[in-house]
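Below is one structure, written out as structure tokens, with a few remarks after it.
The values are calculated or read from the model by the stated rules, or taken from the named source; none is laboratory data. Worth saying up front: this structure is predicted, and the values here are computed from it rather than measured. No Cβ is skipped: glycine too gets one built from the backbone with ideal geometry, and neighbour counts run over all protein chains shown. These accessible areas exclude ligands, DNA and RNA; they are computed on the full protein's heavy atoms, side chains included. Shrake-Rupley method; radii C 1.70, N 1.55, O 1.52, S 1.80 Å.
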Amino acid sequence: MTGSSTEGIKTVLVPVSDLATAKPVYAALLGIPPQADASYYVGFDAAGQHIGLLPGGGPQQMTSPVPYWHVPDIEAKLAEVTAAGATVKEPARDVGGGRLVATVTDPDGNVLGLLQDQ
């Protein structure tokens, strides 16, 4: 293992079937209104974490929440976790603003996200 670090889980994306009904639940849970509010994504920033709601699981077709570990070097972390037994689900891609995201699955099929801000 190379021991490359993470900055911890700072982002969790949650698939929802209906943004209009999910949004007030998460606003009440987090105690704040959403900071991003669009038909394709609603995002909350609370206590150093970002919680994003994706209708229908978004383009990734997520079926369960996915935690994203923030890392300084996404390619190095992908190499490290795949060498340890993870499988790449989605390779690193730019989602805008220099932000790179990727997902892997652990040996039990759980989806784990990696996120790098440039």
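Listed values, structure above:
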quantity: Net charge of neighbours whose Cβ lies under 15 Å from the Cβ of Leu30, counting Lys and Arg as +1 and Asp and Glu as -1; calculated: 0
quantity: Karplus-derived HN-Hα couplings along region 93-104 (A = 6.51, B = -1.76, C = 1.60, θ = phi - 60°), whole Hz, x at Gly and Pro; calculated: 8, 7, 9, x, x, x, 7, 10, 10, 8, 10, 10
quantity: In nm, spacing of pseudo-spin labels at Asp18 and Asp94 (7 Å Cα→C-beta vector); calculated: 3.9 nm
quantity: Estimated 222 nm signal from helices in the chain, with DSSP H stretches of n ≥ 4 weighted -39500 (n - 2.57), rounded to 500; calculated: -5500 deg cm²/dmol
quantity: DSSP-defined antiparallel bridges as percent of all bridges, region 13-118, nearest 5; calculated: 75 percent
quantity: Accessible area (Å², per residue) of the chain, counting only protein heavy atoms and a probe of 1.4 Å; calculated: 56 Å²
quantity: C-alpha long axis of helix 19-30 to longest principal axis of the chain, angle in °; calculated: 80 degrees
quantity: Taking the convex hull of Cα positions in region 37-118, its mean projected area over all directions (nm²); calculated: 5.8 nm²
quantity: Carbon and sulfur %, accessible surface of region 1-98 computed with the full protein complex present, 1.4 Å; calculated: 58 percent
quantity: Options Ala102, Gly43, Thr21, ranked by Cα towards positive dipole end of the chain, top entry (Cβ charges); calculated: Thr21
quantity: Cβ charges +1 (Lys, Arg) and -1 (Asp, Glu), total dipole of region 20-118, debye; calculated: 240 debye
quantity: Residues with amide H under 5 Å from that of Leu54, placed H, sequence gap 5 or more; calculated: Val14, Val16
